[in-house]
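Engineer: This is the structure I want to talk about, given as structure tokens.
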Amino acid sequence: MKALVRLTLCITSLWVLGACSNGDSDSVKSSSVPSSSSSSSSLSLPAVLSGVITYDYVPHKFNHLGLDYSNIQSKPARGVAVELLNPSGDLIASHITNDNGEYAFNTFQNNMVQLRVKAQLIATDNQWNVSVRDNTDNNSLYAIQGGLAPIANENELRNIHIASGWNGSRYANTRSAGPFAILDSVYSGIKKLHSVTPSLVLPPVYFFWSEHNTSAEGDITRGEIGTSYFSSGGIYLLGDADVDTDEYDSHVVLHEWTHYLENTISRSDSIGGDHDANQKLDMRLAFSEGLANAFSAILQDDAFYVDTMGSSQSSGFYINLAEKSHSIRGWYSQRSVGSIIFNYYLSSDNRTAKSIDDLLKTLTRQDYITHPEFASIYLFSEILKLESPASFGSWQNLMSEQLIFSSSAYGEGETNAGGYAENLPVYKLLSLSNPEVTLCSSNRFGSFNSLSNYQFVKIPIEQAGNYRIQVSTSVGSNTDPDIYLYASGSLINASVSSRLNQEVMQDFLLQSTYVLTIAEAKVLNESISNDITHCFNITLSVE
């Protein structure tokens, strides 16, 4: 830790504040950085303490493969919480930096004070609250702190620069800038959303990042997070140097933040799990992942989704979201979904090019959030048509290019079966007037979250009552069918017994439309490699 110039502190150590419920009363558990300021005045004259908070940003290489440490840039820490502390560490005042990273405090000459910069984006009107915490240290909030020094001048300048920890060949010092790079990516996303919907309120969210966060799976308190991901508890990001780090991979950060948006201000029906961009996926997963990829590009106007990794973070991969030619195209392809959404964003067909307005409004409409059908490219298409009918022709053209031929919420009229005829119709109809349906569950495209693992059934209930849904084997033996019943994407009942060749569900159902999924349990088991296809008869009756 050293002073680079007078009253400009270069922070190489990252501090951690004790965990708390809201991030506002965290206690310091580390030492401070000395300040170079001084004063001989004994008068308490008014003074203004101001400065700029910046951090080291490591960009991607020109070819999008790896981080470019030879071109480290100084960027303003925008929208972060800055606190003014007395010698005892008590809070005197707080401020939020502007888009230039600037802060200012009214104080008095000769006062002994120090600055603390929290890894936290917070709005004065409580529209957002984003913090970066260390899951390997009791979920503590990251922060950096300047040295304790007197206010020497009427207009005192104290700049703080937060260093990356890179020494030219490796991370030799604490990676202090990491949490602030994460926050700055999110700040870009917030600004983009609020440019079209200024009143949007975003629920608080924690990012959990640590240089100990590895691709090993196990105890998250030891950093064994497996991969970067969103969960109901927050967003976990990899930080294991020379293996996989994501703090400077802004697309990865905003991809996971989009999953948070889905789950808080919209809806997500994704079943999650490992997936590949060239895999035929369960349509719920394909839509969620494609949407997150597209939004990560939209929120920063950068079509190239980049994920760096490897020794010295010198390798990785990238996806061009503007690309339309994919080896796998259809309603089950996350690349198709991402391409459609991003290229629609670019279009100017009866809409403002590069406006997120109609996309965001579609995601947050109540008829989208509460629709009986699962969140998929089909449901999004139907609601977008209601939201922006004048530009829907452009959307349909993009859909056709990706071999998706229905814009109905239930996929009526779809002709692309994805290579397996049993996938159509996308939703089978089960009702008292059509009380028996035959469908097949298969792992021919993969297990657990792939196309054909689950089949989808639409069940319109015209009169409330006690209903019985029975599943029995049609083709196959020693089968284990599992069934799940949903209302507006929420699971309301499940029958997953180990009973061979049949399953029964009984429930009181209100007048509404429900969706049933059915799967052979063995096709959901990723440890089973042999091809399995079992077919079932499903019947509906009222008791």
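Engineer: Tell me the residue from Asn343, Asn397, Asn320 that is buried (at least 17 other Cβ atoms within 10 Å of the Cβ) and of a type outside the set (Gly, Ala, Ser), please.
Structural biologist: On inspection, the qualifying residue turns out to be Asn343.
Engineer: Follow-up. Within the range 522-534, can one find any residue that is assigned to a strand (DSSP E or B), in contact (Cβ under 8 Å) with a residue 60 or more places away in the chain and not basic (Lys, Arg)? Step through it out loud before you land on a result.
Structural biologist: Start the filter on the range 522-534 by keeping residues that are assigned to a strand (DSSP E or B), which leaves 533-534.
Retained after the next criterion (residues that are in contact (Cβ under 8 Å) with a residue 60 or more places away in the chain): 533-534.
Next, from what is left, pick out any that are not basic (Lys, Arg): 533-534.
Yes, some residue in the range 522-534 is assigned to a strand (DSSP E or B), in contact (Cβ under 8 Å) with a residue 60 or more places away in the chain and not basic (Lys, Arg).
Engineer: On to the next question. Sort out which residues of the range 486-504 are within 26 Å of Pro372 (Cα to Cα) and of a type in the set (Gly, Ala, Ser), and write them in order of number.
Structural biologist: The answer is Ala487, Ser488, Gly489, Ser490, Ala494, Ser495, Ser497.
Engineer: Could you please let me know if Ser176 is without any contact (Cβ under 8 Å) to a residue 40 or more places away in the chain and either crowded, with 22+ Cβ neighbours inside 10 Å or not aromatic (Phe, Trp, Tyr) (or both)?
Structural biologist: Working: without any contact (Cβ under 8 Å) to a residue 40 or more places away in the chain: no; either crowded, with 22+ Cβ neighbours inside 10 Å or not aromatic (Phe, Trp, Tyr) (or both): yes.
Against the criterion (without any contact (Cβ under 8 Å) to a residue 40 or more places away in the chain and either crowded, with 22+ Cβ neighbours inside 10 Å or not aromatic (Phe, Trp, Tyr) (or both)), Ser176 does not qualify.
Engineer: For the range 444-452, does any single residue satisfy the condition of being over 29 Å from the mean Cα position of the chain (by Cα) and closer than 11 Å to Ala519 by Cα?
Structural biologist: Within the range 444-452, not a single residue is over 29 Å from the mean Cα position of the chain (by Cα) and closer than 11 Å to Ala519 by Cα.
Engineer: Still on this structure: Could you list all residues from the range 413-446 that are surrounded by fewer than 20 Cβ atoms within 10 Å (Cβ to Cβ) and hydroxyl-bearing (Ser, Thr, Tyr)?
Structural biologist: Thr415, Tyr420, Ser431, Ser433, Thr438, listed by residue number.
Engineer: Quick check on this structure: which one of Ala409, Ala464, Ala390 is modelled with pLDDT of 95 or more and under 24 Å from Leu281 (Cβ atoms)?
Structural biologist: The match here is Ala409.
Engineer: Does any residue in the range 139-166 that is more than 21 Å from Gly101 (Cβ to Cβ) and assigned by TED's automatic domain parsing to the domain that holds Glu102 come within less than 8 Å, Cβ to Cβ, of a residue that is modelled with pLDDT of 95 or more and of a type in the set (Phe, Trp, Tyr) six or more places away or on a different chain, and which pairs are these?
Structural biologist: Filtered contacts from the range 139-166: Asn139/Tyr206; Asn139/Phe208.
Engineer: Assuming Asn98 fulfils every condition listed in (1) closer than 30 Å to Ala303 by Cα; (2) touching a residue at least 40 places away in the same chain (Cβ under 8 Å) apart from one, which condition is it?
Structural biologist: Status for Asn98: all satisfied but (2).
Engineer: When the residues of the range 302-354 are filtered to those that are part of a loop (DSSP other than H, G, I, E, B) and aromatic (Phe, Trp, Tyr), which remaining residue is nearest to Asn416 (Cα to Cα)? Write out each step before concluding.
Structural biologist: Of all residues in the range 302-354, those part of a loop (DSSP other than H, G, I, E, B) come to 302-303, 310, 314, 321-333, 347-354.
Retained after the next criterion (residues that are aromatic (Phe, Trp, Tyr)): 331-332.
Values: Trp331: 8, Tyr332: 10 Å.
Among those residues, the one meeting the criterion is Trp331.
Engineer: Mind checking which strands (runs of 3 or more DSSP E) fall wholly inside the range 10-88 and carry at least 3 residues that are at pLDDT below 95?
Structural biologist: Of the strands (runs of 3 or more DSSP E) lying wholly inside the range 10-88, those with at least 3 residues that are at pLDDT below 95 span 15-17.
Engineer: Test Phe342 against the stated conditions and say whether it is of a type in the set (Phe, Trp, Tyr) and more than 19 Å from Ser408 (Cβ to Cβ).
Structural biologist: The answer is yes for Phe342.
Engineer: Same structure, new question: From (1) part of a strand (DSSP E or B); (2) surrounded by fewer than 24 Cβ atoms within 10 Å (Cβ to Cβ); (3) out of contact with any helix residue (DSSP H, G or I) (no Cβ under 6 Å at 6 or more places or on another chain), pick out the condition that doesn't hold for Glu262.
Structural biologist: Condition (1) is where Glu262 drops out.
Engineer: Further question: Residues to consider are Tyr514, Tyr484; find the one that is surrounded by 13 or more Cβ atoms within 10 Å (Cβ to Cβ), under 17 Å from Asp282 (Cβ atoms) and among the hydroxyl-bearing types (Ser, Thr, Tyr). Before you say what the answer is, go through the steps one by one.
Structural biologist: Details: Tyr514 fails: under 17 Å from Asp282 (Cβ atoms).
Exactly one of Tyr514, Tyr484 is surrounded by 13 or more Cβ atoms within 10 Å (Cβ to Cβ), under 17 Å from Asp282 (Cβ atoms) and among the hydroxyl-bearing types (Ser, Thr, Tyr), namely Tyr484.
Engineer: Quick check on this structure: which one of Leu237, Leu254 is out of contact with any strand residue (DSSP E or B) (no Cβ under 8 Å at 6 or more places or on another chain), at pLDDT 95 or above, crowded, with 23+ Cβ neighbours inside 10 Å and not small (Gly, Ala, Ser)?
Structural biologist: Working: Leu237 fails: out of contact with any strand residue (DSSP E or B) (no Cβ under 8 Å at 6 or more places or on another chain).
Every option except Leu254 fails the conditions.
Engineer: Go through (1) in contact (Cβ under 8 Å) with a residue 60 or more places away in the chain; (2) under 22 Å from Gly489 (Cα atoms); (3) within 17 Å of the chain's Cα centre (by Cα); (4) surrounded by 22 or more Cβ atoms within 10 Å (Cβ to Cβ) and name the single condition Leu299 misses.
Structural biologist: (2)
Engineer: Oh, and also: Within the range 195-220, how many residues turn out to be part of a helix (DSSP H, G or I) and surrounded by 15 or more Cβ atoms within 10 Å (Cβ to Cβ)?
Structural biologist: Residues meeting the conditions: 2.
Engineer: Would it be correct to say that Gly178 is more than 15 Å from the chain's Cα centre (by Cα), of a type outside the set (A, V, I, L, M, F, W, C) and over 18 Å from Tyr57 (Cβ atoms)? Lay out the reasoning, then the answer.
Structural biologist: Values: more than 15 Å from the chain's Cα centre (by Cα): yes; of a type outside the set (A, V, I, L, M, F, W, C): yes; over 18 Å from Tyr57 (Cβ atoms): no.
It is false that Gly178 is more than 15 Å from the chain's Cα centre (by Cα), of a type outside the set (A, V, I, L, M, F, W, C) and over 18 Å from Tyr57 (Cβ atoms).
Engineer: For Ser185, all conditions in the list (1) outside any loop (DSSP other than H, G, I, E, B); (2) more than 24 Å from Lys354 (Cα to Cα) hold save one; what is the number of the exception?
Structural biologist: The one condition Ser185 does not meet is (2).
The values are calculated or read from the model by the stated rules, or taken from the named source; none is laboratory data. From a predicted model like this one, the values you see are computed outputs, not experimental measurements. When we count neighbours, we look across all protein chains shown, and the Cβ atoms used for this are built from the backbone with ideal geometry, even at glycine.
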